[in-house]
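The values are calculated or read from the model by the stated rules, or taken from the named source; none is laboratory data. Not measured: the values here are computed from a predicted model. Cβ placement follows ideal geometry from the backbone for every residue including glycine, while neighbour counts extend to all protein chains displayed. SASA here: full protein model, heavy atoms, side chains in, ligands and nucleic acids out. Shrake-Rupley method; radii C 1.70, N 1.55, O 1.52, S 1.80 Å.
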Amino acid sequence: MSVELNHTIVHARDNRESAEFLAGILGLETGAEWGPFIPLATANGVTLDFATVPAESLTPQHYAFLISEAEFDTAYARIRELGTTYYADPHRKHPGEINHNDGGRGVYFIDPSGHAMEIITRPYGGWPKGS
């Protein structure tokens, strides 16, 4: 069986603001607006389609991005340059710290719509197997 995630919709207060915020941190480019969406494509072909929704409809979600050590250094520097608060943990009990889970590095930060974004250099628990 060959199943792949192709895209997901990310609700935002302002689709462009949220897409450009994440693109800036991850060093990606936003795609052309398509209907109500601002797409942001990842290296494995999954697209995050940012869509503006009413603020009362927003439910904070979690999005994790597996990146290389060099990409982490660059993204971490961008987070700090922007003055974005970051945490070592999802419960936000360790601000201004990074984690070293599974022998890698990771941080959590909040996007303009309240979503918890995470960058990690190693998959948790060795998942997917063989990595």
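If the condition is being of a type in the set (A, V, I, L, M) and open to solvent by less than 60 Å² (accessible area, probe 1.4 Å), then region 33-52 contributes Ile38, Leu40, Ala41, Val46, Leu48, Ala51. In region 53-109, the residue that is least open to solvent (accessible area, probe 1.4 Å) out of those that are among the polar types (S, T, N, Q) and touching a His at 6+ places or on another chain (Cβ under 8 Å) is Ser57.
Tell me the residue from Leu40, Leu22, Leu28 that is in a loop (DSSP other than H, G, I, E, B) and closer than 18 Å to Ile119 by Cβ, please. Exactly one of Leu40, Leu22, Leu28 is in a loop (DSSP other than H, G, I, E, B) and closer than 18 Å to Ile119 by Cβ, namely Leu28.
Just give me the residues in region 20-29 being open to solvent by 40 Å² or more (accessible area, probe 1.4 Å) and under 15 Å from Ala43 (Cβ atoms), in sequence order. Passing the criteria: Gly27, Leu28, Glu29. Residues that are open to solvent by 50 Å² or more (accessible area, probe 1.4 Å) and modelled with pLDDT under 95 do occur in region 112-124, at least one of them. Which residue is nearest to Thr74 (Cα to Cα), if the candidates are limited to region 1-19 and must be open to solvent by 40 Å² or more (accessible area, probe 1.4 Å) and part of a helix (DSSP H, G or I)? Within region 1-19, the match that is nearest to Thr74 (Cα to Cα) is Glu17. Considering region 65-85, the residues that are among the small types (Gly, Ala, Ser) and not in a helix (DSSP H, G or I) include one that is farthest from the chain's Cα centre (by Cα), namely Gly83.
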